[in-house]
Amino acid sequence: MFNLKFVLIFGLLLFCSTVNPAPLEQAEIIKIDRIVAIVDQVVITEKELADRIKSVTAQLEKQGTELPPPAILEKQILERMITDSLQLQFASQTGLRVDDNQLDKTIERIAAQNKMDIPTFKKALLEDGIQYRKFREDIRNEITLARLREREVDNRINITESEIDSFIAMQAASNSSDEFEISHILIRAGEDTAPDDLKKLRAKAEDALSQLQAGKDFAKISASFSDAPNALEGGSLGWKNGSQIPALFLEALKPLKAGETSQILRSPNGFHILKVTNRRGGSSPLVVGQTHVRHILIKFSEVVSEKDAMTRIADIKERLDHGDKFEDLARQYSDDGSAKSGGDLGWVNPGDTVPEFEKTMNVLALGEISNVIKTQFGLHVIQVLERRNQDMSKEAARIKARQEIRARKSDEAYQDWVRELRDRAFVEIRLEDKF
C-alpha cells in the first residue's frame, strides 16, 4: 500500500513548484478592473467608465465636435454616470420599471426609423461595435430616466393663467420679438464663495473667454470649462425668445450678431459666457384655416360588432340622403359627446382630428354629407357647415407661453431635484486612486 503521508507531502511539493512565481522582470502584469466611484449601493468600474468614454467620444467625433482634454472629458462623463446611477437606483427603489414588452416596442420603433427590421438592426449594431444586449439595457435606462423625470418633476409643475398673462406682458415690455439660438458656458460660483476661490473662478472664466476670442471652438471650450449639465453637448440652450431670457443675459445678447460671444457675465450662480449661434426677429400673424363641422359617430365594441355598427350608420346615411335633419339624427343616434349639440364639433383647426376624419372633411363642399368613413373611434358621417381663415396669433402666443414656462420650470426643478438626490446620497469618487 502507498504511504498516504508520503503522497500528500509529494503532492504539496509538486503544487508549490508549479505556482512558484517567475522572476519579476519575466512576469506578465495583468491589470484588473478597479472601482472609480461608489454611488450608494452601486459601484462604477474603470472599464464601465472607459466604455462610456469610448461611446461619447465616437458620438462627439461623428458630430464633428472637437474633444476636450482627456482628463476633463473623463470627469465630465463620470459625473454624468453618477447622476444617472442615483436616478436609476431611486427608480428601482420606488417601483418604477420598464417591462420587456414596452422595451421591445421601443427598439422596434428605433429600428423602423432607421428603415431596418430587428435582425438587420442587430447586425448593424454589431458592425458598429455595439452589443445588442448592452444597447437594449441602455435604452431601458433612457426610458426609465425619462419616466422618472416625468413622475418626479414634470407632472408636478403647475402653470396658472396669470403666469401666462405675466409672461406675455413681459414679452411685450421687453420691446423685442427677437429670438436667439444660444450656447452657454457656466463657471459655477455661489454668492457665498470665498474671495480667493472667487478670484480663481474668475480667472478660469477669463481663460475660457480668451480662448474663444482666439478662435477656439465654443463646444470644446464648453466641454473643457463649463459646469453646466449640458457642457458635453456644447452648452446649447436652443432657441429662446427675449422674454425667456434673464434681463442680464438679454442686454448682453441684443447687440450681438450670429456667431459672436458675450463678455463675462456675473450672476448669483457664477460666471457666464454666451454665444449667439443664430438669431431671428419679428413675428407675423398666424392665420389658420378652420372648418366648422359636425358628425354622427357609431362605435363598435365587443358588444356591438363592426357589422352591426355599419348597418346602423348606413341606415342613418340613407335617412340623411332623404332629407332627415342631421342634428336630429345626431341627438338620437350618435355615440359621441357632441350628440347633445346635434353632433356639432365647432371650429376645428388642422391637426385637431385624426387623419382619416380630416382628409374627408377637407374635400367636402359646404353642406355636403360624406359617405361613411372608419376611424379608430368608429364609423362616421360628416357634414361641413362653414370655413374661415382665423388669426390665431393670440391663442398661439398663449400656447407657446405655456410651453416655454413649462420648459423653464421643468429644467430648473429637475436640476434642483437631481442636486437634492445627490446631497442625500453617499458618493465617493476614486478616480485619482492608484494601484
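Please treat every number below as a calculation from the coordinates, not as lab data. Quick caveat: nothing in here was measured; it's all calculated off a predicted structure. Cβ placement follows ideal geometry from the backbone for every residue including glycine, while neighbour counts extend to all protein chains displayed.
One table, with the values for the structure above:
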| read-out | value |
| --- | --- |
| Lysine pairs meeting the criterion (Cα under 22 Å, 8 or more apart or interchain), as found in segment 178-282 | 14 |
| Stretchable slack from Glu181 to Tyr132, in nm (0.36 nm times residue separation minus alpha-carbon distance) | 14.0 nm |
| Potential extension, Asp154-Ile264 segment - 0.36 nm per residue separation minus Cα distance | 36.4 nm |
| Between segment 260-322 and segment 359-432, the Cα center-to-center distance that results, in Å | 7 |
| Karplus (6.51, -1.76, 1.60) ³J(HN,Hα), θ = phi - 60°, over segment 225-234, in Hz, Gly and Pro reported as x | 10, 6, 9, 6, x, 9, 4, 6, 8, x |
| Order of Glu318, Glu79 under a 10 Å beta carbon neighbour criterion, fewest first | Glu318, Glu79 |
| Residue-averaged [θ]222 nm for the chain, counting only DSSP H segments that reach four residues, each worth -39500 (n - 2.57) | -16000 deg cm²/dmol |
| Relative contact order computed over the chain (Cα-Cα under 8 Å; 6+ residues apart), in percent | 17 |
| Acute angle (nearest 10 degrees) that the helix 393-424 long axis makes with the longest principal axis of the chain, alpha-carbon atoms | 30 |
| Set of lysines near Lys122 by C-alpha distance (under 27 Å), chain-local residues within fewer than 8 positions excluded | Lys47, Lys54, Lys62, Lys105, Lys134 |
| Lys pairs, segment 279-412 - Cα-Cα below 23 angstrom, 8 or more residues apart or on other chains | 18 |
| Cα long-axis angle, helix 4-19 against the chain (0 to 90 degrees, to the nearest 10) | 70 |
| Estimated FRET transfer efficiency when R0 is 22 angstrom, pair Asp100-Lys123 (beta carbons, to 0.05) | 0.55 |
| Built amide H within the under 5 Å cut-off of Thr277, gap 5+ | Glu181, Ile182, Ser183, Gly259 |
| Cα long-axis angle, helix 70-93 against the chain (0 to 90 degrees, to the nearest 10) | 60 |
| Whole-number percent relative contact order across segment 178-282, with pairs defined as alpha carbons under 8 Å at least 6 apart | 45 |
| Segment Lys340-Lys75, extension gain: residue separation times 0.36 nm, minus the distance between their alpha carbons | 89.1 nm |
| Computed E for Asp33/Ala425 - FRET, C-beta separation, R0 22 angstrom, nearest 0.05 | 0.45 |
| Within segment 359-376, backbone nitrogen closer than 17 Å to the virtual label 7 Å beyond the Cα of Ala112 toward Cβ | 376 |
| Segment 287-391, relative contact order in percent, only Cα pairs under 8 angstrom and at least six apart counted | 44 |
